[in-house]
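The values are calculated or read from the model by the stated rules, or taken from the named source; none is laboratory data. In this text the structure is predicted, and so the values were computed from the model without any measurement. Because the Cβ atoms are built from the backbone with ideal geometry, glycine has one as well, and the counts that use them run over all protein chains shown. Surface areas here come from the heavy atoms of the whole protein model, side chains and all, with no ligands, DNA or RNA. Shrake-Rupley method; radii C 1.70, N 1.55, O 1.52, S 1.80 Å.
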Amino acid sequence: MSERTQRTQVAIIGGGPAGSLLSHLLRRHGVESVVLERRSRDYVLSRIRAGVLEHGSVQTLTEAGLGERLHREGFEHEGVHLAFGGRRLRIDFTALTGRSVTVYGQTEVQHDLYGALDTHDGAIVFDAEDVALHDVSSDRPSVTYRKDGVAHRLEADWIAGCDGFHGPSRSAIPADVLTTYERVYPFGWLGVLSRTPPVSDELIYANSERGFALCSMRNENLSRYYVQAPLEDSPDDWSDDRFWSELVARLPEEAGEQLVTGPSIEKSIAPLRSFVAEPMRHGRLLLAGDAAHIVPPTGAKGLNLAMSDVVYLCRALVDHYDAGSTTGLDEYSATTLRRVWKAVRFSWWMTTVLHRFPDTDAFDFQIQQAELGLLEELEAARASLAENYVGLPI
Ligand code: FAS
Ligand code: PHB
């Protein structure tokens, strides 16, 4: 069957935050790309995921001309609350780091990114089926796909694998080259979205004897709540009534009394894992975002890591095209992984300190209590949490 061939500088697989941000940033530096997204635009925009942007992510989006709605509709947060042992501890980001985070849902970030891509015809191909990578170790890599039954080949100088944990890019790296690291947690997060006013104007992370809970939000009348749930559970096992009563049971008393409940408009369970694949480059293939790493959402790092990977990758590609330098590309994997592993550590630490593990022994429990005690007693411990939460330097 005939194949339509197109050429670009960077073929980007995946039109989530990583792929769409990379396309936008490259174009601002005169580097052309085409994004191939498996799903429809509406499907990608319907996904409810992250809610917190690090200070550096806000800077990246602002400097890329994507800050107008973010600054108008996003909520700057200068701290978070940890609740444990009947006590509540506020981590004051501004006092401890001079920086803050912004609550602005990933869905909104994606809307803004697609709005930017819309200004360039052909920047993104939705509903791209059977995407396959070819000759990534050669200097003439390409990606084939089908769209509306027509076969296409996209020839490129570089391929950016931004296709998430389940995409084809990571598996294009030979098994004897790839090293993976994984920690699967023995529980998931049941998340609920409700058109109710948030219980608190700042996030509350709760470690209760019944398990973890998180109170977050999207705006003054759209709240996002999570409870730790057994891996074998499905959303159908959790009626709204069961969810709300369990959430109240895990929150500090005054928060439970103030909680406004309502019908869930979205309910889902996400498994928790830590995962890193190395290297993030093989030949002309470069990985970014969830294609290379996954973190438990406890540290609010997944989306932010995808964005910082893209900042590093864009710098490397622009240096290559502008200055003919390969240094950035040669060092991309090592540079990016140094920051990735620090975020993986922080997300693991937040998860181990705030959740009740089903197989925890008395020693682990005492260590967890000691970690929480250090946060209460040591400003340096609170400062370390704050620096990691608002985002380490990019
Ligand atoms: P994404 O997975 O977002 O995007 C990859 C894109 O590639 C997708 O659009 C997919 O359709 C596409 N794709 C896949 N295979 C393809 C193929 N064969 N061909 C073409 N395209 C293909 N992070 C947080 O910080 N906080 C949270 O609370 C949080 N909650 C989450 C809840 C869930 C259920 C999930 C799954 C993730 C959550 N995350 C959270 C993490 C999440 O936000 C990711 O870190 C972020 O989406 C990463 O962005 P990308 O790397 O672009 O990957
Ligand atoms: C969210 O608002 O969805 C959210 C916030 C903080 C997290 C995880 C998720 O750590």
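To the nearest 0.05, what FRET efficiency results for residue 111 and residue 380 with a Förster distance of 41 Å applied to their C-beta separation? Display every interim value, and only then the final one.
Details: r = 39 Å, r/R0 = 0.96.
Given R0 = 41 Å and the Cβ-Cβ separation, E is 0.55.
The stretch 127-218: which trypsin sites (Lys or Arg not before Pro) are DSSP loop and have at most 15 other beta-carbon atoms within 10 angstrom? Spell out each step's value before the answer.
On the way: sites: 146, 147, 153, 170, 183, 195, 210, 218; in loops: 195, 210.
Sites meeting the loop and neighbour criteria: 195, 210.
Under a plain spin-label model, where a point goes 7 Å from the Cα along Cα-to-Cβ, how far apart in nm are residue 221 and residue 41?
In this crude label model, residue 221 to residue 41 measures out at 2.7 nm.
Taking 7 Å along the Cα-to-C-beta vector as the label spot, tell me the residue 266-residue 349 distance in nanometres, rounded to one decimal.
Calculated label separation equals 3.0 nm.
Placing +1 at every Lys and Arg Cβ and -1 at every Asp and Glu Cβ, with all other atoms neutral, what dipole size does the stretch 1-106 have around its Cα centre, in debye to the nearest 20? Intermediate values should be presented prior to the final figure.
Numbers: 15 positive and 11 negative charges, 59 e Å.
With only Lys, Arg, Asp and Glu charged at Cβ, the dipole is about 280 debye.
Taking R0 as 35 Å, what FRET efficiency do you get between residue 357 and residue 331 from their Cβ-Cβ distance, rounded to the nearest 0.05?
FRET efficiency, residue 357 to residue 331: 0.40.
If you roll a 1.4 angstrom probe over the protein chains with everything in place, what fraction of the accessible area of the stretch 134-183 belongs to carbon and sulfur, to the nearest %?
Details: 1100 of 2460 Å².
The computed percentage sits at 45.
Give a quick list of GluC sites (Glu not before Pro) in the stretch 232-338 that DSSP marks as loop, anything other than H, G, I, E or B, with at most 10 other Cβ atoms within 10 Å. Provide the component values of the computation, followed by the final result.
Details: sites: 232, 246, 253, 254, 257, 266, 331; in loops: 232.
Taking the stretch 232-338 and a limit of 10 other Cβ atoms within 10 Å, the loop GluC sites (Glu not before Pro) found are 232.
Can you list which of the trypsin sites (Lys or Arg not before Pro) found in the stretch 1-87 are DSSP loop residues with at most 16 other C-beta atoms within 10 Å?
Working: sites: 4, 7, 27, 28, 38, 39, 41, 47, 49, 69, 72, 87; in loops: 38, 39, 47, 49.
Of the trypsin sites (Lys or Arg not before Pro), the ones in loops of the stretch 1-87 whose Cβ has at most 16 other Cβ atoms within 10 Å are 39, 47.
Based on Cβ point charges of +1 for Lys and Arg and -1 for Asp and Glu, what charge dipole magnitude is obtained for the chain about its Cα centre, in debye rounded to the nearest 20? Write out the running numbers ahead of the final one.
Values: 39 positive and 56 negative charges, 104 e Å.
Once rounded to the nearest 20, the dipole reads 500 debye.
Using a 1.4 angstrom probe, figure out how much accessible area the chain has per residue, in square angstrom, rounded to the nearest whole. Please list the in-between numbers first.
Numbers: 16720 Å² over 394 residues.
It amounts to 42 Å² per residue over the chain.
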